[in-house]
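A.B. asks: Attaching a single structure in structure tokens format; questions to follow.
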Amino acid sequence: MSICSTSTLGRCAAILAAVALTPATVADAASRDKRFFESVAGIWKGPGEIVAGKYKGTKFTCNLTGLAAEGRETGLKLDGTCRVGVFSQPMSAVISNKGDGYKGQFLDGADGKGLDIVSGQVAGNRAVMGINRAKLNGAMVARLDEDDSMNITISVKVEDQMIPVIGLKLNRQDVAQASND
């Protein structure tokens, strides 16, 4: 006995075609995401500025190293420092694919002095990660402009609007240049 009768054959064919294509589509998306994180792995340096809030106008410089997740995992581990004047602050992040989105944390997560990554997606040369700390919700957008230039914007949600609070422009460093800095 067939699960598809003659009257529903067209609909069954469409459903079977969609089911057959779904694993490839999911695999393709995972592969695209993995390629994005591999493309942003490396040594990055650049200036940033707090553009809203209590510390508006504060300028800083970051030196960061990103390592793409290995094997079948998709994501990124980021370590380094950001400096304001003579003061230096360690900076770290872990972003990992978890099912249909991304999870992770900046610094020690929302339970400490950092933020939780609660969602995310990658599209082309851009990753958007949902961030959270207590009642603060927002997004971190990382856009790879070229192979050697990346813009990062962190925005927070105020009422129904996303307000940019931090902007960062990073340039990829080659290993020889990075070791001289």
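The values are calculated or read from the model by the stated rules, or taken from the named source; none is laboratory data. Everything numeric in this text was worked out from a predicted model, so none of it was measured. Neighbour counts run over all protein chains shown; Cβ positions are idealised from the backbone, glycine included.
A.B. asks: Of the residues that sit in the range 86-112 and are touching a Lys or Arg at 6+ places or on another chain (Cβ under 9 Å) and not in a strand (DSSP E or B), which one is farthest from residue 40 (Cα to Cα)?
C.D. replies: Checking each candidate, the answer is 110.
A.B. asks: Hey, another quick one. Would you please name the residue that is surrounded by the fewest Cβ atoms within 10 Å (Cβ to Cβ), looking only at residues in the range 91-100 that are more than 12 Å from residue 73 (Cα to Cα) and not aliphatic (A, V, I, L, M)?
C.D. replies: Here the residue is 100.
A.B. asks: Among all residue pairs at least 6 apart or on different chains, which show Cβ distances below 6 Å where the first residue, located in the range 161-173, is farther than 23 Å from residue 80 by Cα and the second is of a type outside the set (Ser, Thr, Tyr) and modelled with pLDDT under 95?
C.D. replies: 163/52; 163/156
A.B. asks: Please count how many residues of the range 46-79 are buried (at least 17 other Cβ atoms within 10 Å of the Cβ) and closer than 19 Å to residue 171 by Cβ.
C.D. replies: Filtering the range 46-79 down to residues buried (at least 17 other Cβ atoms within 10 Å of the Cβ) leaves 46, 48, 50-51, 60, 62-64, 66, 68-69, 74-78.
Subset that is closer than 19 Å to residue 171 by Cβ: 46, 48, 60, 62-64, 66, 68, 76, 78.
Summing the residues that are buried (at least 17 other Cβ atoms within 10 Å of the Cβ) and closer than 19 Å to residue 171 by Cβ in the range 46-79 gives 10.
A.B. asks: Something else: Just checking, which of 128, 141 is in a strand (DSSP E or B), surrounded by fewer than 20 Cβ atoms within 10 Å (Cβ to Cβ), in contact with a Lys or Arg (Cβ under 8 Å, 6 or more places away or on another chain) and of a type in the set (A, V, I, L, M)? First the steps, then the outcome.
C.D. replies: On the way: 128 fails: in contact with a Lys or Arg (Cβ under 8 Å, 6 or more places away or on another chain).
Checking each option against the conditions leaves just 141.
A.B. asks: Additional query: Would you check if there is a residue in the range 35-43 being on the phi > 0 side of the Ramachandran plot, crowded, with 16+ Cβ neighbours inside 10 Å and over 13 Å from the mean Cα position of the chain (by Cα)?
C.D. replies: Kept after step one, since they are on the phi > 0 side of the Ramachandran plot, are these residues of the range 35-43: 42.
Filter once more, so that each one left must be crowded, with 16+ Cβ neighbours inside 10 Å: 42.
Now narrow it down to the ones that are over 13 Å from the mean Cα position of the chain (by Cα): 42.
Yes, some residue in the range 35-43 is on the phi > 0 side of the Ramachandran plot, crowded, with 16+ Cβ neighbours inside 10 Å and over 13 Å from the mean Cα position of the chain (by Cα).
A.B. asks: In a strand (DSSP E or B), among the polar types (S, T, N, Q), at pLDDT 90 or above and in contact with a Pro (Cβ under 8 Å, 6 or more places away or on another chain): is that true of residue 65 in this structure? Reasoning before the result, please.
C.D. replies: On the way: in a strand (DSSP E or B): yes; among the polar types (S, T, N, Q): yes; at pLDDT 90 or above: yes; in contact with a Pro (Cβ under 8 Å, 6 or more places away or on another chain): no.
No: the conditions fail for residue 65.
A.B. asks: Next question. Does residue 88 satisfy being hydroxyl-bearing (Ser, Thr, Tyr), surrounded by fewer than 16 Cβ atoms within 10 Å (Cβ to Cβ) and under 19 Å from residue 36 (Cα atoms)? Break it down into steps so the answer makes sense when it comes.
C.D. replies: Working: hydroxyl-bearing (Ser, Thr, Tyr): yes; surrounded by fewer than 16 Cβ atoms within 10 Å (Cβ to Cβ): yes; under 19 Å from residue 36 (Cα atoms): no.
The answer is no for residue 88.
A.B. asks: Quick check on my filter: what residues within the range 101-112 are free of Cβ contacts under 8 Å to residues at least 12 places away in the same chain and either in contact with a helix residue (DSSP H, G or I) (Cβ under 9 Å, 6 or more places away or on another chain) or crowded, with 16+ Cβ neighbours inside 10 Å (or both)? Steps first, please.
C.D. replies: To start, the set of residues in the range 101-112 that are free of Cβ contacts under 8 Å to residues at least 12 places away in the same chain comprises 108-109, 111-112.
If the condition is that a residue be free of Cβ contacts under 8 Å to residues at least 12 places away in the same chain and either in contact with a helix residue (DSSP H, G or I) (Cβ under 9 Å, 6 or more places away or on another chain) or crowded, with 16+ Cβ neighbours inside 10 Å (or both), then 109 is the only one that fits.
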